[in-house]
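J.: Here you go, one structure.
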Amino acid sequence: MRRFAMLITMGVASCNAAGTPRQAIPGIESWHFASGKAPTRAEYNAVVASCESGAIASARGKPLTACLAELGLRKAE
């Protein structure tokens, strides 16, 4: 019975996380790739994480917007 309850709890938690709207991630709606396509949540989070961790050597010490621009994201107009 405990395994079944744990399985149900995990299922409900995963459904809740998958339903997070795009606008809940701050700043994502204002960025687009050079092609004009908006990044997915996973793409945006990966790019921001690489900028914040200092993985982009040419963008170290620069603001986040400069790093995002270096990785191909452009501010929507």
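The values are calculated or read from the model by the stated rules, or taken from the named source; none is laboratory data. Predicted, not measured: the structure shown is a model, and the values here were computed from it. Quick note on the areas: whole protein, heavy atoms, side chains included, nothing else; ligands and nucleic acids left out. Shrake-Rupley method; radii C 1.70, N 1.55, O 1.52, S 1.80 Å.
J.: Determine if the stretch 17-27 includes at least one residue that is modelled with pLDDT of 85 or more and within 12 Å of the chain's Cα centre (by Cα).
T.: No.
J.: Restricting attention to the stretch 62-73, which residues are open to solvent by less than 60 Å² (accessible area, probe 1.4 Å) and assigned to a loop (DSSP other than H, G, I, E, B)?
T.: Selection gives Gly72 alone.
J.: Oh, and also: Name the residue that is least open to solvent (accessible area, probe 1.4 Å), counting only residues in the stretch 35-61 that are at pLDDT below 85 and not in a helix (DSSP H, G or I).
T.: Gly54
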